[in-house]
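Taking it in order: structure first as structure tokens, then the write-up.
The numbers here are math on the coordinates, done by the rules we state, and not lab data. Predicted, not measured: the structure shown is a model, and the values here were computed from it. Every residue, glycine as well, gets a Cβ built from its backbone with ideal geometry; the counts of neighbours run over all protein chains shown.
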């Protein structure tokens, strides 16, 4: 999976640039259980929860002829300037994929994760679930997100399947947009959350699309609260 190799390189670039909350185990990047053991492991070739690979879920329904990516040099320049302006922390890794029955898939994830480390954030869409796994009791810890999209048959989409990397910053959306326009392009942002009375806490854009598997980067602004998300935005899913 060339997109997964690219995502791995992006995480490594973030780690080498001093981005905090990125945990390593050997050459792999991990999200730990509450007890410190590895819950999620991301390598150049696989995404594994406990001992089960998610690679089959990330296989596109068909290959895309449109292959694009932000160059490593442009991304490094963006992160270098961003880190000179503010502290950056990893909020979460994630994957997005299709499933034919969303409730059955949630049950499978519950069995796979075990314990009390599975949470849901309201997506506002009946056919989409935003699940998070990891230690939400400690807001400093990164999580792993699973975006489940229910559909009887998968299609080649601009969003699904994708690997996601999400970081926190303390920049305003205006200053962040200027930096994004400078390094990644004026049309890079593909989606954002806007809240009346608050502003824009999150923007997201695509870093690459190779053979139908995409890599997206989410960037939090100074309007996003990591603590609020962990304690108020997430609902624990019981075993």
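Laid out as a table, the results:
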quantity: The one condition in (1) more than 16 Å from the chain's Cα centre (by Cα); (2) in contact (Cβ under 8 Å) with a residue 60 or more places away in the chain that residue 6 fails to fulfil; calculated: (1)
quantity: Residue, farthest from residue 54 (Cα to Cα), within the stretch 127-137, restricted to residues that are touching a residue at least 40 places away in the same chain (Cβ under 8 Å) and more than 15 Å from the chain's Cα centre (by Cα); calculated: 137
quantity: Index of the failed condition, residue 149 passing every other in (1) within 13 Å of the chain's Cα centre (by Cα); (2) within 29 Å of residue 53 (Cβ to Cβ); (3) part of a strand (DSSP E or B); calculated: (1)
quantity: Flag if residue 187 is without any contact (Cβ under 8 Å) to a residue 60 or more places away in the chain, in a loop (DSSP other than H, G, I, E, B) and out of contact with any strand residue (DSSP E or B) (no Cβ under 6 Å at 6 or more places or on another chain); calculated: yes
quantity: Failed item in (1) free of Cβ contacts under 8 Å to residues at least 40 places away in the same chain; (2) outside any strand (DSSP E or B); (3) touching a helix residue (DSSP H, G or I) at 6+ places or on another chain (Cβ under 9 Å), with residue 157 passing the rest; calculated: (3)
quantity: Residues within the stretch 59-108 that are free of Cβ contacts under 8 Å to residues at least 60 places away in the same chain, touching a strand residue (DSSP E or B) at 6+ places or on another chain (Cβ under 8 Å) and either under 22 Å from residue 204 (Cβ atoms) or in a helix (DSSP H, G or I) (or both), tallied; calculated: 3
quantity: Answer residue from the stretch 217-232, given it is without any contact (Cβ under 8 Å) to a residue 60 or more places away in the chain and touching a strand residue (DSSP E or B) at 6+ places or on another chain (Cβ under 7 Å) and is surrounded by the fewest Cβ atoms within 10 Å (Cβ to Cβ) among those; calculated: 223
quantity: Residue within the stretch 176-190 that is buried (at least 16 other Cβ atoms within 10 Å of the Cβ) and over 24 Å from residue 69 (Cβ atoms) present; calculated: no
quantity: Residue in the stretch 20-38 that is surrounded by fewer than 16 Cβ atoms within 10 Å (Cβ to Cβ) and more than 30 Å from residue 231 (Cβ to Cβ) present; calculated: yes
quantity: Residue in the stretch 113-126 that is within 20 Å of residue 152 (Cα to Cα) and more than 19 Å from the chain's Cα centre (by Cα) present; calculated: yes
quantity: In the stretch 15-31, residue nearest to residue 88 (Cα to Cα) [restricted to those that are more than 16 Å from the chain's Cα centre (by Cα) and outside any loop (DSSP other than H, G, I, E, B)]; calculated: 16
quantity: Selection count, the stretch 39-73, where residues are surrounded by 15 or more Cβ atoms within 10 Å (Cβ to Cβ) and within 20 Å of residue 184 (Cβ to Cβ); calculated: 2
quantity: Residues of the stretch 29-54 that turn out to be within 16 Å of residue 5 (Cβ to Cβ) and out of contact with any helix residue (DSSP H, G or I) (no Cβ under 9 Å at 6 or more places or on another chain), as a count; calculated: 3
